[in-house]
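One structure is given here, and the rest of the page talks about it.
The values are calculated or read from the model by the stated rules, or taken from the named source; none is laboratory data. Everything numeric in this text was worked out from a predicted model, so none of it was measured. Here the Cβ positions follow ideal geometry from the backbone for every residue, glycine too, while neighbour counts run over all protein chains shown. SASA here: full protein model, heavy atoms, side chains in, ligands and nucleic acids out. Shrake-Rupley method; radii C 1.70, N 1.55, O 1.52, S 1.80 Å.
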Amino acid sequence: MDNVNAAFKWEYAPAPEAKDHARIKKQYDLFINGQWQKPASKKYFASFSPSTEEKLSEVAEANEKDVNTAVTAARTAYDKYWKKLSGAERAKYIFRIARVMQERSRELAVIETMDGGKPIRESRDFDIPTASNHFFYYAGWADKLNYAFPNRNPQALGVAAQIIPWNFPLLMAAWKIAPALATGNTVVLKPAESTPLTALKLAEIIEEADLPPGVVNIITGFGKTGAAMVNHPDVNKIAFTGSTDVGKLIQKAVAGTNKKLTLELGGKAANIVFEDAPIDQAVEGIVNGIFFNQGHVCCAGSRLFVQEGVADVVIRKLKERMDTLIVGDPLDKNTDIGAINSKEQLEKITSYLKIGVEEGLELYQSSHCHLPKKGFFCKPSLFIGAAQSSRVAQEEIFGPVLTIQTFRTIEEVIEKANNIPYGLSAGVWTDKGSKIFNLTTKLRAGVVWANTYNKFDPTSPFGGYKESGFGREGGLHGLHPYLRF
Ligand code: NAP
Ligand code: MG
């Protein structure tokens, strides 16, 4: 049997992307007021490559004093320069950021992959181009706000504090900074502690684009740094992407203040396959939805619902496809699944694999999958026979772990898909347009993909329901949270 399966697996010669052109400094200070400033704490911490466990650089740890300096710089820049500029002038700066990002896209992709562990194919073909597209797109809105919101006299809020996670470091920075600048706000942004390097590269790009000092400040640090940003009295707007637990803390901290808030939190998306679906395409969409990117995607299709009549064939084809997935060096262009972002995250995923087995579910991992000896890696994993109450089917694992449940009727699958605290995204696979429309109105999810999965575009809004947060990013809707009327 093994030999039969082995025929599915192509052997590829290694094709590593060169990394000698990626310039990573040994140490990074804080980017405040257009300058690189030493942290008041005098402390630095390391950022590692999760695929080699090598230290890549060390970055400054911003404390409350540094947060205050950054917020003051953003306030001064807002009053002195940014609010006085016309939309067309702001747009010129934002276009410039987009163009420099494009020019440096290769270097950004390599650093994103080294620092975060995602496959170079993802960072090269998705993260970096989509990030620069966000700047292009929002640059286009900067002088058209009165058309976006006619007769409502939209006004900037002031200083935005923005906190982002480690799964799409540069893309999340773009999602946050581009609409804030287009609407006339100034920014203090903090990347996640394990993936600060592309945000610091973005600071270099902002320097090169010659933005007035203090319009964008980028500071590195831990959760405490984020909390100090949230609690700073001179911040007008908080934009947070991260876990639901931290989102709840932030919501409490902001209650009773004047600060505007958007929260983009966790997810546990249902990917639903009907009997009339194009099965091969669906299997590819399932794999793309949960395994590529190591399942480090808030909208990952981590709960698969298959209609009973096609369950056997979907499971068979899925296993066959899993047998061909290449887990390994993220800098290799053949790699499908790179490194898990950190040791802690790998431990969390491993503990869920144990929980699933203890819950009595059948676990499938390909016997052809060999993990590198060094670094943090996880085999793509499939739990068959999950129940609605299985913890692995209810809780966000944030790793390459998929659960399968079956269903008979459309009512049953809607009920099961919605019966979860999250509501970020969902997928539907069917030949029938009417079924798609029926589901999109009944699924409580911010985004529903039909016969595709994980597709993004700067013009489309993205955001959640329930414990997945509130507010939208992207598209015209993404301007709204940065404006008052
Ligand atoms: P996290 O632990 O909540 O961290 C997110 C960011 O918040 C990091 O920069 C973190 O700093 C900072 N932070 C931690 N504690 C804080 C506090 N008390 N106050 C203010 N900031 C604080 O989340 P994560 O583990 O990095 O990211 C994974 C989560 O993000 C998943 O749940 C995923 O679903 C979610 N996510 C959602 C979306 C979406 O659009 N809905 C997109 C991507 C990811 P440190 O790094 O120093 O801890
Ligand atoms: Mg790192």
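Looking at GLU411, GLU359, GLU415, GLU320, can you tell me which residue is in contact with a Phe, Trp or Tyr (Cβ under 7 Å, 6 or more places away or on another chain) and charged (D, E, K, R)? Before you say what the answer is, go through the steps one by one.
Values: GLU411 fails: in contact with a Phe, Trp or Tyr (Cβ under 7 Å, 6 or more places away or on another chain); GLU359 fails: in contact with a Phe, Trp or Tyr (Cβ under 7 Å, 6 or more places away or on another chain); GLU415 fails: in contact with a Phe, Trp or Tyr (Cβ under 7 Å, 6 or more places away or on another chain).
Being in contact with a Phe, Trp or Tyr (Cβ under 7 Å, 6 or more places away or on another chain) and charged (D, E, K, R) holds for just one of GLU411, GLU359, GLU415, GLU320, which is GLU320.
Residues that are farther than 30 Å from ILE326 by Cα: list the helices (runs of 4 or more DSSP H) wholly contained in segment 1-118 that include at least 1 such residues. Spell out how you get there, then give the answer.
Values: elements: 2-6, 64-80, 87-103, 105-116.
In segment 1-118, the matching helices (runs of 4 or more DSSP H) lie at 64-80, 87-103.
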query = Which numbered condition trips up LEU371, out of (1) open to solvent by 10 Å² or more (accessible area, probe 1.4 Å); (2) in contact (Cβ under 8 Å) with a residue 60 or more places away in the chain; (3) away from ligand 1 (no atom under 16 Å from the Cβ)?
reply = (2)
task = Would you mention how many residues in segment 153-199 are away from ligand 2 (no atom under 13 Å from the Cβ), of a type in the set (Gly, Ala, Ser) and open to solvent by 10 Å² or more (accessible area, probe 1.4 Å)?
result = 1
Condition broken by SER381, with the remaining ones in (1) on the phi < 0 side of the Ramachandran plot; (2) among the small types (Gly, Ala, Ser); (3) open to solvent by 20 Å² or more (accessible area, probe 1.4 Å) satisfied = (3)
key: Residue count, segment 54-69 (criterion: open to solvent by 10 Å² or more (accessible area, probe 1.4 Å) and in contact with a Gly (Cβ under 6 Å, 6 or more places away or on another chain))   = 1
request  = Quick one: VAL413 ticks every box in (1) of a type outside the set (Lys, Arg); (2) more than 25 Å from SER243 (Cβ to Cβ); (3) open to solvent by less than 30 Å² (accessible area, probe 1.4 Å); (4) touching a Cys at 6+ places or on another chain (Cβ under 9 Å) except a single one, so which number is it?
outcome  = (4)
ask   = Taking segment 394-409 as the search range and keeping residues that are more than 18 Å from VAL314 (Cα to Cα) and hydrophobic (A, V, I, L, M, F, W, C), which one is most open to solvent (accessible area, probe 1.4 Å)?
value = PHE398
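Return yes when GLY427 is of a type in the set (Gly, Ala, Ser), assigned to a strand (DSSP E or B) and not assigned by TED's automatic domain parsing to the domain that holds LYS144 and no when it is not. Steps first, answer last, please.
Working: of a type in the set (Gly, Ala, Ser): yes; assigned to a strand (DSSP E or B): yes; not assigned by TED's automatic domain parsing to the domain that holds LYS144: yes.
The answer is yes for GLY427.
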query = Within the group ALA269, ALA255, which residue is open to solvent by 40 Å² or more (accessible area, probe 1.4 Å) and closer than 30 Å to PHE240 by Cα?
reply = ALA255
task = Residues being in contact with a helix residue (DSSP H, G or I) (Cβ under 6 Å, 6 or more places away or on another chain) and more than 16 Å from ligand 2 (Cβ to nearest atom): count how many of those fall in segment 200-211.
result = 4
message = Would you confirm whether or not segment 276-288 contains a residue that is surrounded by 24 or more Cβ atoms within 10 Å (Cβ to Cβ) and assigned to a helix (DSSP H, G or I)?
response = yes
inquiry  = Can you tell me which condition SER243 does not meet? The list is (1) crowded, with 18+ Cβ neighbours inside 10 Å; (2) closer than 14 Å to GLY469 by Cα, and all the others hold.
reply    = (1)
query = Quick one: GLY463 ticks every box in (1) within 21 Å of GLY285 (Cβ to Cβ); (2) under 20 Å from the mean Cα position of the chain (by Cα); (3) of a type in the set (Gly, Ala, Ser) bar one, so which box is it?
reply = (1)
key: Enumeration of residues in segment 314-342 that are without any contact (Cβ under 8 Å) to a residue 60 or more places away in the chain and open to solvent by 40 Å² or more (accessible area, probe 1.4 Å)   = ARG316, LYS317, ARG321
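Does GLU412 count as within 19 Å of PHE292 (Cβ to Cβ) and of a type in the set (Asp, Glu)?
Numbers: within 19 Å of PHE292 (Cβ to Cβ): no; of a type in the set (Asp, Glu): yes.
In short, no.
Those residues that are out of contact with any strand residue (DSSP E or B) (no Cβ under 9 Å at 6 or more places or on another chain) and in a loop (DSSP other than H, G, I, E, B), I need them from segment 317-338; list them, please.
Taking segment 317-338 and keeping what is out of contact with any strand residue (DSSP E or B) (no Cβ under 9 Å at 6 or more places or on another chain), we get 317, 320-321, 323-324, 334.
Result: THR324, ASN334.
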task = List the number of the failed condition for GLY140; all other conditions in (1) away from ligand 2 (no atom under 16 Å from the Cβ); (2) surrounded by 21 or more Cβ atoms within 10 Å (Cβ to Cβ); (3) of a type outside the set (Ser, Thr, Tyr) hold.
result = (2)
inquiry  = Out of the residues in segment 189-248 meeting the condition of being touching a strand residue (DSSP E or B) at 6+ places or on another chain (Cβ under 7 Å), farther than 23 Å from LYS38 by Cβ and part of a helix (DSSP H, G or I), tell me which one is nearest to ligand 1 (Cβ to nearest atom).
reply    = VAL230
remark   = Across segment 171-188, the tally of residues that are within 14 Å of ligand 1 (Cβ to nearest atom) and in contact with a Lys or Arg (Cβ under 8 Å, 6 or more places away or on another chain) stands at 0
